[in-house]
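These notes concern the structure reproduced below.
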Amino acid sequence: MDKQREVVITGMGVTSPLGHTPEIFFANLLEGRSGISNITRFDTSAYAVHFAGEIKEFDGSPYFDAKEIGRTSRFIQYMVHAADSAVANSGLSAANLDITRAGMIGWSKRRYVSRTSTNAHQVASRTSVGRV
């Protein structure tokens, strides 16, 4: 029989139409709020559907400079924010985080993302872990 490894969730981060912190996201879920609203990022007059779950009031500038924000997809900006928030939520710092044993799981409407230690350096370079 294979010995199963224990997994510990030490921190959580979220970037969602319902909020950008786990606390706000969960509170909005409990209150039954919807993150669905009219689309504001582009003209929807040519489409039958005019509503979606847009992430609003998001600022990527803590992680990217102005040029990088223009060149970096929103999805990546959201993931970096969520990863940085998860590290902050965990109470870990660069001094006590072993990125060879760390990982993250993310989800978007378009794709499932699983990143383990092989890509942890990329996340760390954009988060407080890489900047401490």
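The values are calculated or read from the model by the stated rules, or taken from the named source; none is laboratory data. Owing to the predicted nature of the structure, the values given are computational and were not obtained by experimental measurement. Virtual Cβ from ideal backbone geometry, glycine too; neighbours counted across all protein chains shown. Quick note on the areas: whole protein, heavy atoms, side chains included, nothing else; ligands and nucleic acids left out. Shrake-Rupley method; radii C 1.70, N 1.55, O 1.52, S 1.80 Å.
General observations
- Near the amide H of MET12, within less than 5 Å, lie the amide hydrogens of ASN89, SER90, all on another chain or at least 5 residues away, with H placed in the peptide plane.
- Solvent-accessible surface (1.4 angstrom probe) belonging to THR40, in square angstrom, nearest 10: 100
- Accessible surface for ARG33 stands near 140 Å², nearest 10, in the context of the full protein assembly shown (1.4 Å probe).
- Phi to ³J(HN,Hα) by Karplus 6.51 cos²θ - 1.76 cosθ + 1.60 over the range 77-85, Hz, x for Gly, Pro: 4, 5, 5, 5, 4, 4, 5, 5, 5
- When all protein chains stay in place and ligands, DNA and RNA are ignored, the 1.4 Å accessible-area order of MET104, MET12, largest first, is MET12, MET104.
- For GluC sites (Glu not before Pro), the sites in the range 42-107 that DSSP calls loop and that have at most 12 other Cβ atoms within 10 Å are GLU57.
- Accessible carbon and sulfur surface of the range 12-62 relative to its total accessible area, %, 1.4 Å: 60
- Rounded to whole Hz, the Karplus (6.51, -1.76, 1.60) HN-Hα couplings of the range 4-18, x for glycine and proline: 7, 8, 7, 10, 10, 8, 9, x, 10, x, 8, 10, 8, x, 9
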